[in-house]
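S.K.: First, the structure itself, so that you have it in front of you.
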Amino acid sequence: MDTTEALDMPIPDQLEETVISGKKDIDLTTVGDYTTENPRMKIRDVNVFYGAKQAVFDVNLDIGSNSVVSMIGPSGCGKTTLLRCLNRMNDTIDGCRVEGRVEMDGKNVYARKVDPVLLRARVGMVFQKPNPFPKSIFDNVAYGPRIHGLVRDRTDLEEIVHTSLERAGLLDEVKDRLDQPGTGLSGGQQQRLCIARAIAVSPEVILMDEPCSALDPIATARIEELIGELRKNFSIAIVTHSMQQAARVSQRTAYFHLGYLVEVGPTKDIFTMPKHQLTEEYITGRFG
Amino acid sequence: MSRAEQIVSGLARRQRAEKRFRAYGITAILLGMSFLVLLFTSIIANGYQAFTQTYIELPIYFDPEVIDPNGDRDPQALFSADYWKLVKTSMYQQFPQVSGRSGRREVTRIMSGGSAFDLRERVIENPDLIGTTQRVWLVADDDIDMLMKGYIDREVPEDERRLNDRMIGYVDTLDEAGIVERKFNTTFFTAGDSREPEQAGILGALMGSFLTLIVTLLLSFPIGVAAAIYLEEFAPRNRFIDLIEININNLAAVPSIIFGLLGLAIFINWFGMPRSTPVVGGLVLTLMTLPTIIIASRVSIQAVPPSIKEAALGVGASRMQAMFHHVLPIAMPGMLTGTIIGMAQALGESAPLLMIGMVAFIVEPPSGFTDPATALPVQIYLWSDSPERGFTERTSAAILVLLAFLVTMNATAVYLRKKIAKRF
């Protein structure tokens, strides 16, 4: 999701008219337990504003260690906005204001002293559209370790690049052409390259913003498989439009509606016995 | 009428419209090209003769009595000796029948005053010439040059042309002896300005333009790019910044002579910098070029997909790293294009340079940034204003040099841009 898209996001009170007719008085307080055992990050009472418009309302959510939490909901429900709060990518958008706490190791990442550079090294991100740098495959992966000074010499760097590409399941396909431009790969390969680039700095959390929406089903399947692998080492939060994908890759699912977190719980419960009326309507395909 | 028929009936009209539009385009391009051809033919037709010059081969006796009366080869004496006398003596020998003060003056008028400087250089370079007689090719006067190039019409009544029948006769005599020749005009590329067309050269103006543009490039490119980066990436969005942006856009439209006045007031009168110098010229042209470079740089930064910056920020690059490692390399070709346009403007600019005194008559080509200098467009202006026929062709030749300079400069920039673009 790029900056302009975030700004053009439909604003909740306009949507309210159009989405579900005759159900304006629906209770939007969160159903289900938003906490989890052993959380890696905690979102507490977060409100996000774009200028005067509020995009996210009082959200509480935990990102569990070594598990995948998926965020689903109709377009404009604030899930991407919330995801971008976790590594303060929203800082780059003019007029975006975040209230509340996003905690990592008990400290608010929005505290004055926190440097977003360090935060983003610990909380990596994979974007909706594959966005490799217009440089070689090697340099794409090596960029993070280089700027953070994580390597002493070329051998270290090569090792990091190789392990990262291997963990992203891309090494076998590209090991003979590491000096070729990353932009020359196919869409699915590019997205895996972006994942390799994100894990090269050994983040603790990986945020994925609809990572498969620009990919074909085969590339999607490979990424999903990869997410299952990555879960062993990283905590993952993924925004997706595909409910099947959420069901396949995540342990917990959060359903958002008009900026509110409506329901959250174990993925299998959400999809088999949703408690909230809106969740049920969404997953049964009545709207969205 | 079926839907397909409806569409078909309109198709012919649509195709005609497209054909018409293509014809307009081709006409526009042909018109532009023909004007360009016209321009070049006229300039080249007027100017190509300036690249040759008439030389006359004379036997010169390097008379020790004249050059070195003391016989000690003192450089000072060699420098200040009367070499013109050697030329005169040789010319009198060519035409022994001519006598009388005015007749002898006519004979010596055939040669250029510059031939004396030529002899002086030869002697200083090789003092062994003194006492010998050498046959030397010397520059003829510009009127003789014009006669040889066919610009002086012999059919015109005698009192209406610059050379009388007697002088034409002398030149014809020399020509028949086979000692008059058109040679490549090296003076034009090695000398500064002069009052005499045959001694005037473009080197002074060329060096002046070169030094001025070096100053302009070194100042305007980094400052312009830095300003563009700040405004695009770091500047807060508020009224003050809006005001700055509006003013930058307005400055791009300010007539250049105003910048010259500003330079005169600030750099020369207030800061006390030397007038007529490339450093002041460069500063003034920097002011003039900056808005162009800033605007072009901002546009090319804006054209970089935001996803690249996000990707860099996403792995923890600082804003500056994201800018310098990723955005700037992609935006650089666009920035260079803006710089080329700005520099080409600066090269062709004469009005602001007039204001800061670069219009001065400067004989010695400048060797540094603080030497008095003039610039190519100003030199063209000065020569076009001179009455001598010799300056008319030199004006066109100077325009050709200016165009060659421009083409070289742009070709370099395009080459650099290609090289940078290829790397990413």
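S.K.: Go through region B:381-424 and count every residue that is open to solvent by 40 Å² or more (accessible area, probe 1.4 Å), in contact (Cβ under 8 Å) with a residue 40 or more places away in the chain and among the hydroxyl-bearing types (S, T, Y).
M.R.: Residues in region B:381-424 being open to solvent by 40 Å² or more (accessible area, probe 1.4 Å), in contact (Cβ under 8 Å) with a residue 40 or more places away in the chain and among the hydroxyl-bearing types (S, T, Y): 1 in total.
S.K.: Restricting attention to region A:155-162, does a residue exist that is touching a Ser or Thr at 6+ places or on another chain (Cβ under 7 Å) and open to solvent by 20 Å² or more (accessible area, probe 1.4 Å)? I'd like the intermediate steps shown before the answer.
M.R.: Taking region A:155-162 and keeping what is touching a Ser or Thr at 6+ places or on another chain (Cβ under 7 Å), we get none.
No: region A:155-162 contains no residue that is touching a Ser or Thr at 6+ places or on another chain (Cβ under 7 Å) and open to solvent by 20 Å² or more (accessible area, probe 1.4 Å).
S.K.: Further question: Would a scan of region B:338-352 turn up a residue that is open to solvent by less than 60 Å² (accessible area, probe 1.4 Å), in a helix (DSSP H, G or I), farther than 30 Å from B:L262 by Cβ and of a type in the set (S, T, N, Q)?
M.R.: Let us first name the residues in region B:338-352 that are open to solvent by less than 60 Å² (accessible area, probe 1.4 Å), namely B:338-340, B:342-344, B:346-352.
Applying the additional criterion that residues be in a helix (DSSP H, G or I) yields B:338-340, B:342-344, B:346-347, B:351-352.
Add one more test, that the residue is farther than 30 Å from B:L262 by Cβ, and what stays is none.
Checked against the condition, which is being open to solvent by less than 60 Å² (accessible area, probe 1.4 Å), in a helix (DSSP H, G or I), farther than 30 Å from B:L262 by Cβ and of a type in the set (S, T, N, Q), region B:338-352 yields no hits at all.
S.K.: Next question, about the same structure. Which one of B:A77, B:A17 is part of a helix (DSSP H, G or I), outside the structural domain of B:I168 (by TED's automatic domain parsing) and not aromatic (F, W, Y)? Walk me through it before giving the result.
M.R.: Numbers: B:A77 fails: outside the structural domain of B:I168 (by TED's automatic domain parsing).
Step by step, each of B:A77, B:A17 is checked, and only B:A17 is part of a helix (DSSP H, G or I), outside the structural domain of B:I168 (by TED's automatic domain parsing) and not aromatic (F, W, Y).
S.K.: When you look at B:G357, is it assigned to a loop (DSSP other than H, G, I, E, B) and touching a His at 6+ places or on another chain (Cβ under 8 Å), yes or no? Write out each step before concluding.
M.R.: Values: assigned to a loop (DSSP other than H, G, I, E, B): yes; touching a His at 6+ places or on another chain (Cβ under 8 Å): no.
No.
S.K.: Give me a count of the residues in region B:5-57 that are under 30 Å from B:R389 (Cβ atoms), open to solvent by less than 100 Å² (accessible area, probe 1.4 Å) and out of contact with any strand residue (DSSP E or B) (no Cβ under 6 Å at 6 or more places or on another chain). Before the answer, list the steps.
M.R.: In the first step, residues of region B:5-57 are kept if they are under 30 Å from B:R389 (Cβ atoms); the result is B:34-57.
Next, only the ones that are open to solvent by less than 100 Å² (accessible area, probe 1.4 Å) stay: B:34, B:36-37, B:39-47, B:49-57.
Then drop every residue that is not out of contact with any strand residue (DSSP E or B) (no Cβ under 6 Å at 6 or more places or on another chain), which leaves B:34, B:36-37, B:39-47, B:49-51, B:53.
Going through region B:5-57 one residue at a time, the tally reaches 16.
S.K.: Looking at region A:94-128, which of its residues are in a loop (DSSP other than H, G, I, E, B) and facing another protein chain (nearest Cβ under 10 Å)?
M.R.: Pass one, region A:94-128, residues in a loop (DSSP other than H, G, I, E, B): A:94-95, A:105-106, A:109-115, A:127-128.
Across region A:94-128, the qualifying residues are A:D94, A:G95, A:D115, A:F127, A:Q128.
S.K.: Filtering region A:129-139 down to residues that are at the interface with another protein chain (Cβ under 9 Å from one of its Cβ atoms) and more than 12 Å from A:R192 (Cα to Cα), which residue is least open to solvent (accessible area, probe 1.4 Å)?
M.R.: The selected residue is A:F133.
S.K.: With the condition being hydrophobic (A, V, I, L, M, F, W, C), I'd like the strands (runs of 3 or more DSSP E) fully within region A:208-268 carrying at least 3 qualifying residues. Give the derivation first.
M.R.: Numbers: elements: A:235-239, A:252-257, A:260-266.
By residue number, A:235-239, A:260-266.
S.K.: Looking at B:P372, is it modelled with pLDDT under 95, away from chain A (no Cβ under 14 Å), part of a loop (DSSP other than H, G, I, E, B) and surrounded by 23 or more Cβ atoms within 10 Å (Cβ to Cβ)?
M.R.: Working: modelled with pLDDT under 95: yes; away from chain A (no Cβ under 14 Å): yes; part of a loop (DSSP other than H, G, I, E, B): yes; surrounded by 23 or more Cβ atoms within 10 Å (Cβ to Cβ): no.
Judged against the criteria, B:P372 is not a match.
S.K.: I've got another one for you. Return the only residue of B:N249, B:N185 being of a type in the set (S, T, N, Q) and either in contact with a Cys (Cβ under 8 Å, 6 or more places away or on another chain) or farther than 30 Å from B:T374 by Cβ (or both). Spell out how you get there, then give the answer.
M.R.: Details: B:N185 fails: either in contact with a Cys (Cβ under 8 Å, 6 or more places away or on another chain) or farther than 30 Å from B:T374 by Cβ (or both).
That would be B:N249, the only listed residue that is of a type in the set (S, T, N, Q) and either in contact with a Cys (Cβ under 8 Å, 6 or more places away or on another chain) or farther than 30 Å from B:T374 by Cβ (or both).
S.K.: Next up: Looking at region B:288-320, which of the residues that are facing another protein chain (nearest Cβ under 10 Å) and open to solvent by 30 Å² or more (accessible area, probe 1.4 Å) is farthest from A:I199 (Cα to Cα)?
M.R.: B:P305
S.K.: Moving on to the next point. Scan region B:138-158 and tell me whether some residue there is modelled with pLDDT under 90, assigned to a helix (DSSP H, G or I) and surrounded by fewer than 17 Cβ atoms within 10 Å (Cβ to Cβ).
M.R.: yes
S.K.: Within the set of pairs 6 or more residues apart or between chains, which connect a residue that is loosely packed, with under 12 Cβ neighbours inside 10 Å inside region B:118-133 to a residue that is of a type outside the set (A, V, I, L, M) with Cβ atoms less than 6 Å apart?
M.R.: Matching pairs, first to second residue: B:T132/B:F62.
S.K.: Can you tell me which residue within region B:180-195, out of those that are within 25 Å of B:Q94 (Cβ to Cβ) and out of contact with any Gly (no Cβ under 6 Å at 6 or more places or on another chain), is surrounded by the most Cβ atoms within 10 Å (Cβ to Cβ)?
M.R.: Keep residues of region B:180-195 that are within 25 Å of B:Q94 (Cβ to Cβ), which gives B:180-187.
The next check asks that each one be out of contact with any Gly (no Cβ under 6 Å at 6 or more places or on another chain); those that pass are B:180-186.
Values: B:V180: 20, B:E181: 15, B:R182: 15, B:K183: 11, B:F184: 11, B:N185: 22, B:T186: 11.
Residue satisfying both the conditions and the ranking: B:N185.
S.K.: I would also like to ask the following. In region B:239-287, what residues are surrounded by 14 or more Cβ atoms within 10 Å (Cβ to Cβ) and among the small types (G, A, S)?
M.R.: Matches in region B:239-287: B:A252, B:S256, B:G260, B:G263, B:S276, B:G281, B:G282.
The values are calculated or read from the model by the stated rules, or taken from the named source; none is laboratory data. Source: prediction; values computed, not measured. So basically every Cβ, Gly included, is an ideal-geometry build from the backbone, and we count neighbours across all protein chains shown. These accessible areas exclude ligands, DNA and RNA; they are computed on the full protein's heavy atoms, side chains included. Shrake-Rupley method; radii C 1.70, N 1.55, O 1.52, S 1.80 Å.
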